[in-house]
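The structure appears right after this line, and notes come after that.
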Amino acid sequence: MKPFDLLRPSSIAKAISAKQSQVQFLAGGTNLVDLMKKHIATPDALLDVTPILSSQITGSTETLLIGAAVKNSSAAMDKLVLSSYPLIAKAILAGASPQIRNMASTAGNLLQRTRCPYFYDTTLPCNKRNPGEGCGMREGESRMGAIIGHSEHCVAVHPSDLCIALAALDAEVLYTIAGEKKPMVIPFKDFHRLPGDAPEKDNNLPQNALITGVRIPKNPFSKNYAYVKLRDRDSYAFALVSVAAALHLQGDRIVEARLASGGVAHKPWRWYQAENFLKGKIPSAEVFAEAAALAADETNPLVGNAFKKLMLKGAIEVALQNCLTA
Ligand SMILES: Cc1cc2nc3c(=O)[nH]c(=O)nc-3n(C[C@H](O)[C@H](O)[C@H](O)COP(=O)(O)OP(=O)(O)OC[C@H]3O[C@@H](n4cnc5c(N)ncnc54)[C@H](O)[C@@H]3O)c2cc1C
C-alpha cells in the first residue's frame, strides 16, 4: 500500500476545505482500504469523517433521515426503520457479513465501487480503473456483467444492496460542498450514473462533496415489501440479480408498486414499465408473471450472461409473491 497521511478534521467545514483529488474521505474503510491495498486507489491522505458526521436516525411525519455515519448494522436494527421502512433493513441484511455491516457506513455504502473482477485485477484491462484501456469483461468472462444500460466502454454492475431499497423508495442524497451553506440534494434516481463513455465516474456527486445523510419520504410500503437476492453463495457474496419490491394494496387492488434491481446495471435499476403495469391490478401469479416479463424484456444481456434475464424474471415474480406474505 502506498504510504498516506491520516487526518482527523474537527468539523465538516474543515473536512471540505481539506478535500482535493488526491485526498479521500474515509468512513468505515471496508471498501476504500481494500482498494488501497490493491493500488487501485492511491490517495496521499485520508480524512476520517466518521466523528464529524451524524450517526443518528431521525423521523418526522414526512421523512426518515439516516445520518451519513450511521453504520449499516445500526440502520438494520433501528426501530423506526423496522416499523416504517422495513425494506431498508431487509436489503441491508442481505449484504456482506455482520462484521462488515458493523463497520460500513451509510455514505460509504452509496459510494462503494463495483465488484467487477476486471476492475479489481490490475493485470486486466478496465476503463473504469484506467480510462482508455478497454473493457476486459465485455469480450471476456461476462457472467457477472450488466444486462441493461451498459456501454461499449463498460459492463460493470452496481454492487450495493442498501441502494436498491433506497432507489425503490425514492430516497434523496444530502451533501455539502465548499461555498454552499445550505445542504444540497440529489434524488436517488439521479445519484448513480450509467457508464456511457466515462465509466470511471460512478455517480453524479460533485467533486469533493461530502455526503451528510440520506432522506427517505414517508411511504405506504411497510406491510407489503420484499428483497430477493440471488447469488453464488448464500452469504458474503454480491448479487447476480437482486430485486426490491413493494406494493401498496387497497381492497383487492394494487394502488402503487415499486420494483428496483441490483446486479443488472451500472446503477440501481427501476422497472418503471412493470410498476405502471401493476397499478390497479388484482394481485395474482399471472399478473406478477406479466410484470416480470415486461422488465425482463427490457434487458439486453451480454454473450455470457443471458441466464440473468431468466433469473431476473423469476426474482421479480418471487419478490412480488413475497410482498403478499411479508
Ligand atoms: C467481503 C465483503 C463483502 C461485501 N458484501 C456486500 C454485499 O453483499 N452487499 C453490499 O451492499 N455491500 C457489500 N460489501 C460492501 C460494503 O457494504 C461496503 O464496503 C461498505 O458499505 C462501504 O462503507 P464504508 O463506510 O466502509 O466506506 P469506505 O470504504 O470508508 O468508503 C467508500 C467510499 O466512500 C467515500 N466516502 C465515505 N464516506 C463519505 C462521505 N460522507 N461523503 C463522501 N464520500 C464518502 C470514500 O471516500 C470511499 O470512496 C461487502 C464488502 C466486503 C469487504
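Every number in this text was worked out from the coordinates using simple rules, so none of it is lab data. From a predicted model like this one, the values you see are computed outputs, not experimental measurements. Using ideal geometry, Cβ is built from the backbone for each residue, glycine included, and neighbour counts are taken over all protein chains shown.
Remarks
- Computed FRET value (nearest 0.05) for N102 with V287, which takes r as the C-beta separation and R₀ as 41 Å: 0.55
- Considering only the chain, percent of DSSP beta bridges that pair antiparallel, nearest 5: 85 percent
- If you take the Cα centroid of segment 268-303 and the Cα centroid of segment 1-46, the two points sit 41 Å apart.
- Residues of segment 36-67 with amide N under 13 Å of a point placed 7 Å along Cα→Cβ from L7: 44-49
- Dipole-positive endmost among V241, A89, I52 within the chain (Cβ charges, Cα centre): I52
- Unsatisfied cross-links (Cα-Cα over 31 Å) in the set K38/K218; K38/K313; K38/K71: K38/K218; K38/K313
- Residue with peak Gaussian network fluctuation, the chain [Cα springs, cutoff 10 Å], from V255, V264, V241: V255
- Helix runs (DSSP H) in the chain reaching 15 Å along axis by Cα, Kyte-Doolittle at least 0.0: 285-297, 307-323
- Only the Cβ atoms of Lys and Arg (+1) and of Asp and Glu (-1) were treated as charged; on that basis the dipole of the chain about its Cα centre amounts to roughly 580 debye.
- Using R0 = 35 Å, the C-beta based FRET efficiency linking S55 and Q321 works out to 0.45.
- Of the residues L162, F221, Q24, the one whose Cα sits farthest towards the positive end of the charge dipole of the chain is Q24 (charges of +1 on Lys and Arg Cβ, -1 on Asp and Glu Cβ, taken about the Cα centre).
- A straight Cα-to-Cα reach below 20 Å connects K308 with the lysines K229, K267, residues fewer than 8 places away in its own chain not being considered.
- Among V243, V49, sorting on how many other beta-carbon atoms sit within 10 Å of each Cβ, with the fewest leading, yields V49, V243.
- Annotation: extensible slack from A237 through V255 equals 3.1 nm (criterion: 0.36 nm per residue apart, minus Cα-Cα distance).
- Shape call, the chain: gyration tensor on alpha carbons, a/c limit 1.5: oblate
- Protection-proxy order for peptides 143-149, 257-263, 318-324, each taking the mean of Cβ atoms within 10 Å per residue, highest first: 257-263, 143-149, 318-324
- Here's the picture: charge each Lys and Arg Cβ at +1 and each Asp and Glu Cβ at -1 in the chain, and of L7, A291, L324 the one pushed furthest to the positive end of that dipole is L7.
- Gain in span if fully extended, T122 to Q20, counting 0.36 nm per residue against the direct Cα distance: 34.3 nm
- When both bridge partners sit in segment 1-136, DSSP labels roughly 35% of those beta bridges antiparallel.
- Dipole magnitude of segment 225-323, debye to nearest 20 (Cβ charges: Lys/Arg +1, Asp/Glu -1, about Cα centre): 280 debye
- Label-point gap, in nm, between S84 and E180 - each point 7 angstrom along Cα→Cβ: 2.6 nm
- Partners for K281 among aspartates and glutamates (Cα-Cα distance below 17 Å; same-chain residues under 8 apart left out): D252, E256, E290, E317
- When shorter helices are ignored and each DSSP H run of at least 4 residues is given -39500 (n - 2.57), the per-residue value for the chain at 222 nm works out to -8000 deg cm²/dmol.
- Stretching V33 away from A306 to a fully extended chain increases their span by 94.9 nm, per 0.36 nm per residue minus the current alpha-carbon distance.
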